[in-house]
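A.B. asks: Starting off with a structure, shown below.
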Amino acid sequence: MLAVVVVVILAIALSGNKQPSNSASTTLAQSSASSITTTPTTGSGEATTSSTYAGAPAAVAYTADLGGGNEIPPVSTAASGTLTLTVAADGSSVGYVLQVDSIISLTVARLHEGKVGATGATIFTIYGGPTKSGLYTGTIAKGSFTAADLVGPLKGKTIDDLVGLIEANSVYLNVGTEAHRQGEIRGQLQ
């Protein structure tokens, strides 16, 4: 019963812009970016108040649709795929999921620095083998990497540097096969 009374008083105080007498509640009421959750505890019947910062950064995802027409030169193939990169909210790591469809004898999948229509240096190997012999459909690689795993022009750089390249439309994924070692399907991250 006491918990219900405390919740009602707190709700009235916050909606009426009155300053609660508890200093922790005052801080929460003054912060427009916080949300307040009040829940009764067991035992003493007192309510507890916690805050969650609503302005915290969120993870950001980028995708690439992979196809033979994106290769240089274009490749006629039934193969396709999708790469999703998810940059952690704190910028410390990047998660990845690479899915392919109807690809034959996949050998390698690498992120490269480069604009549409251009080739560039490898910056991270998503899948380095072994060769997936025969026709393959499904998730070929799933994991995460940090800035320490970046190579080539991003060696010694940060995840923010990688994100900057992605946002400048300068990162693509290239997937090689036994028939097309330089790449059978490719897609620009966006």
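A.B. asks: Test of understanding: among GLY152, GLY134, which residue is assigned by TED's automatic domain parsing to the domain that holds PRO74 and exposed (fewer than 13 other Cβ atoms within 10 Å of the Cβ)?
C.D. replies: On the way: GLY152 fails: exposed (fewer than 13 other Cβ atoms within 10 Å of the Cβ).
Only one candidate passes the filter, namely GLY134.
Condition check ((1) part of a loop (DSSP other than H, G, I, E, B); (2) surrounded by 15 or more Cβ atoms within 10 Å (Cβ to Cβ); (3) modelled with pLDDT under 95) across all residues:
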| residue | (1), (2), (3) |
| --- | --- |
| VAL97 | no, yes, no |
| ILE103 | no, yes, no |
| LEU106 | no, yes, no |
| LEU111 | no, yes, no |
| GLY120 | yes, yes, no |
| ILE140 | no, yes, no |
| SER144 | no, no, no |
| VAL175 | no, yes, no |
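A.B. asks: Would you mind stating whether ILE126 is surrounded by 20 or more Cβ atoms within 10 Å (Cβ to Cβ) and without any contact (Cβ under 8 Å) to a residue 60 or more places away in the chain? Working first, answer last.
C.D. replies: Numbers: surrounded by 20 or more Cβ atoms within 10 Å (Cβ to Cβ): yes; without any contact (Cβ under 8 Å) to a residue 60 or more places away in the chain: yes.
Yes.
A.B. asks: Do you know which residues across segment 137-172 are under 19 Å from THR107 (Cα atoms) and in contact with a Phe, Trp or Tyr (Cβ under 9 Å, 6 or more places away or on another chain)? Even if it seems obvious, please write down each step before you answer.
C.D. replies: Our first condition is that a residue be under 19 Å from THR107 (Cα atoms); within segment 137-172, this holds for 137-143, 172.
Within segment 137-172, ILE140, ALA141, LYS142, GLY143 meet the criteria.
A.B. asks: Also: Across segment 144-163, which residue is farthest from the chain's Cα centre (by Cα) among those that are at negative phi and among the small types (Gly, Ala, Ser)?
C.D. replies: Step one: filter segment 144-163 for residues at negative phi, giving 144-151, 153-155, 157-163.
Then keep just the ones that are among the small types (Gly, Ala, Ser); that gives 144, 147-148.
Values: SER144: 10, ALA147: 14, ALA148: 17 Å.
Among them, the one singled out is ALA148.
A.B. asks: May I ask you to list the residues in segment 54-91 that are in contact with a helix residue (DSSP H, G or I) (Cβ under 7 Å, 6 or more places away or on another chain) and in a loop (DSSP other than H, G, I, E, B)?
C.D. replies: The initial filter retains those residues of segment 54-91 that are in contact with a helix residue (DSSP H, G or I) (Cβ under 7 Å, 6 or more places away or on another chain), namely 62, 74-77, 79, 87, 91.
Residues satisfying the conditions are PRO74, VAL75, SER76, THR77, ALA79, GLY91.
The values are calculated or read from the model by the stated rules, or taken from the named source; none is laboratory data. All values derive from a computational prediction rather than experimental measurement. Note: ideal-geometry Cβ built from the backbone for every residue, glycine included; neighbour counts use all protein chains shown.
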